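A.B. asks: Supplied in structure tokens, the structure appears directly below.
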Amino acid sequence: MPIEPHLVRALPLFADLDDDAIGRICALATEVELPASAVLIERNQPASGLFVLVDGTVEVETRAGEVTLGPGDIVGELGLLADAQRSARVCATTPVRCIAIARGDFDALLEAEPRIAVPLLRTLARRLLDST
């Protein structure tokens, strides 16, 4: 079932995109629902995609400590951008609904819609500041 455009547009990462870009995201993304305690990302595994949280919360376990993230937050982007294995474990603390975008699709999306890079870089910078 295709993802609804209003769902994508409500996410901060995609809020500034035009209708054509939102349509591309809807076509390539997958909506995923997971129960509480499900593992979204496991440390040291290949980075195969990213998740943008729509509903629910996750606990991100990094070497620096634990962080709780919720609706609008992104997980899994660092491994994609660094072309590296996963550096954190991400576990649902409540039932979670998210949008998943595979590595290849995300790479193509960044090339087609470079405006996505700005909020993504802000997210990464905030995480770096929080971990120091």
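A.B. asks: Determine whether region 101-108 contains at least one residue that is basic (K, R) and surrounded by fewer than 15 Cβ atoms within 10 Å (Cβ to Cβ).
C.D. replies: Restricting attention to region 101-108, the residues satisfying the condition of being basic (K, R) are 103.
Adding the requirement that they be surrounded by fewer than 15 Cβ atoms within 10 Å (Cβ to Cβ) leaves none.
Checked against the condition, which is being basic (K, R) and surrounded by fewer than 15 Cβ atoms within 10 Å (Cβ to Cβ), region 101-108 yields no hits at all.
A.B. asks: Check region 61-73 and report whether any residue there is modelled with pLDDT of 95 or more and not in a strand (DSSP E or B).
C.D. replies: Scanning region 61-73, I find at least one residue that is modelled with pLDDT of 95 or more and not in a strand (DSSP E or B), so the answer is yes.
A.B. asks: Condition (residue is part of a strand (DSSP E or B), touching a residue at least 60 places away in the same chain (Cβ under 8 Å) and either in contact with a His (Cβ under 8 Å, 6 or more places away or on another chain) or farther than 20 Å from A10 by Cβ (or both)) applied to region 100-112: is it met by at least one residue?
C.D. replies: Taking region 100-112 and keeping what is part of a strand (DSSP E or B), we get 100-102.
Next, from what is left, pick out any that are touching a residue at least 60 places away in the same chain (Cβ under 8 Å): 100-102.
This time we only want the ones that are either in contact with a His (Cβ under 8 Å, 6 or more places away or on another chain) or farther than 20 Å from A10 by Cβ (or both), so: 102.
Taking every residue of region 100-112 in turn, at least one turns out to be part of a strand (DSSP E or B), touching a residue at least 60 places away in the same chain (Cβ under 8 Å) and either in contact with a His (Cβ under 8 Å, 6 or more places away or on another chain) or farther than 20 Å from A10 by Cβ (or both).
A.B. asks: State whether the residues of region 94-107 include one that is farther than 21 Å from T30 by Cα and at pLDDT below 90. Working first, answer last.
C.D. replies: Within region 94-107, the first condition is being farther than 21 Å from T30 by Cα, and the residues that meet it are none.
The answer is no, given that none of the residues of region 94-107 is farther than 21 Å from T30 by Cα and at pLDDT below 90.
A.B. asks: Kindly indicate whether G70 is closer than 28 Å to L129 by Cβ, touching a Leu at 6+ places or on another chain (Cβ under 8 Å) and of a type outside the set (F, W, Y).
C.D. replies: Numbers: closer than 28 Å to L129 by Cβ: yes; touching a Leu at 6+ places or on another chain (Cβ under 8 Å): yes; of a type outside the set (F, W, Y): yes.
Considered against the rule, which asks whether it is closer than 28 Å to L129 by Cβ, touching a Leu at 6+ places or on another chain (Cβ under 8 Å) and of a type outside the set (F, W, Y), G70 comes out as yes.
A.B. asks: Turning to a different aspect of this structure: Filter region 109-118 down to the residues that are crowded, with 17+ Cβ neighbours inside 10 Å and under 15 Å from the mean Cα position of the chain (by Cα), then identify the one that is farthest from V58 (Cα to Cα).
C.D. replies: Taking region 109-118 as the starting set, the residues that turn out to be crowded, with 17+ Cβ neighbours inside 10 Å are 109, 113, 116.
Those still in the list that are under 15 Å from the mean Cα position of the chain (by Cα) too: 109, 116.
Details: L109: 25, I116: 22 Å.
Among those residues, the one meeting the criterion is L109.
A.B. asks: So which residues in region 16-60 are touching a residue at least 60 places away in the same chain (Cβ under 8 Å) and either in contact with a helix residue (DSSP H, G or I) (Cβ under 9 Å, 6 or more places away or on another chain) or not aliphatic (A, V, I, L, M) (or both), if there are any at all?
C.D. replies: D16, L17, A21, R24, I25, L28, A29, T30, E31, E33, P35, listed by residue number.
A.B. asks: Which residue is surrounded by the most Cβ atoms within 10 Å (Cβ to Cβ), if the candidates are limited to region 19-67 and must be within 27 Å of E113 (Cα to Cα) and of a type in the set (D, E)?
C.D. replies: Applying the filter and picking the extreme gives E31.
The values are calculated or read from the model by the stated rules, or taken from the named source; none is laboratory data. Bear in mind the structure is a predicted one, so any value in this text is a computation, not a measurement. Every residue, glycine among them, receives a Cβ derived from its backbone with ideal geometry; neighbour counts consider all protein chains shown.
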